[in-house]
Amino acid sequence: MSSKNFYIPESAMVIVAHPDDIEFSCAGTLARWARAGCRISCVLCTSGDAGIAKEGMTRARAAEIREAEQTAAARVIGASEVIFLREPDGLLQPTLELRKKLVREIRRFRPEVVICGDPTVVFANSTYINHPDHRAAATAALDAVFPAAGQPQVFEELAEEGLKPHKVRKVYISAWDGGDTFVNIEETIDLKIEALKQHKSQMEGWDPAEMIKNWAAESGKGKEMAYAESFRVITLMSDDDWQKYLANGQTTAQTSPAAAD
């Protein structure tokens, strides 16, 4: 996708398992969208409470540290909000309960685009097995987007919270290898790196800049992009249908007392 026909959604929600998942995968795209006026919601299924392996560290304290880091990272890229669902780190499952939590957030924020991981990736490469939490979060996200969030008869009790069904226009699935849509992040890669550096408990003094630039350069290779992030994009509503949806006033964000912050 070249800059001359660069797609900018009015709103986007990213759904991931852990703090720092956004920064490793799609923060450059989100920062570019935010700069162009897109509202960004970051939804974390867990608080990364199993992610600080230090003697004496408790899950509660780890969650507190990592939520603060994620909030700071989201601020760097210009996100409108950060939502923590506080499912147990390392034990995440794509349950109906989690699907309902995600449907609640989708119906409240009413995103045009949802970004998530790829639930089909198990062996990312010859040295890494994709974390089961990543797969669970991606499965739950896709199941929440379609068809649940847009069907009035699914989780209809959410109407009691003032939350009406909402149909997402596009799903951007972060691509580990390849993809069909590439976003030029040359102007925002420094923000991506700065956001990642906010996760001090994970960096432990390591500077991720070289690795992130190498990854992004590889994604942009052959596409006239110095740095890129890659996605597989699923278009659930055509341009004509989306315009009709907008005309019917279906995209106004709502407030939910159930949202965590």
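The values are calculated or read from the model by the stated rules, or taken from the named source; none is laboratory data. Note that the structure is predicted; figures quoted are calculated from it, not measured. Note that we place each Cβ from the backbone using ideal geometry, even for glycine, and neighbour counts take in every protein chain shown.
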- Note on the structure: Checked Ser256, Ser230, Ser201 against criteria (modelled with pLDDT of 95 or more and within 30 Å of Ala62 (Cβ to Cβ)); the one match is Ser201
- Starting from residues that are hydrophobic (A, V, I, L, M, F, W, C) and without any contact (Cβ under 8 Å) to a residue 12 or more places away in the chain, keep the ones in the range 178-222 and report whichever is farthest from Cys26 (Cα to Cα). Trp206
- Query: Does Gly179 satisfy being modelled with pLDDT under 95, surrounded by fewer than 22 Cβ atoms within 10 Å (Cβ to Cβ) and over 18 Å from the mean Cα position of the chain (by Cα)?
  - Reply: no
- Message: For the structure I just gave you, tell me whether Ile77 is touching a residue at least 12 places away in the same chain (Cβ under 8 Å), within 24 Å of Pro132 (Cβ to Cβ) and β-branched (Val, Ile, Thr).
- Response: no
- Residue check: is Ile52 part of a loop (DSSP other than H, G, I, E, B) and touching a Ser or Thr at 6+ places or on another chain (Cβ under 7 Å)? yes
- How many residues are farther than 28 Å from Arg32 by Cβ, outside any loop (DSSP other than H, G, I, E, B) and polar (S, T, N, Q) if we restrict to the range 56-108? 0
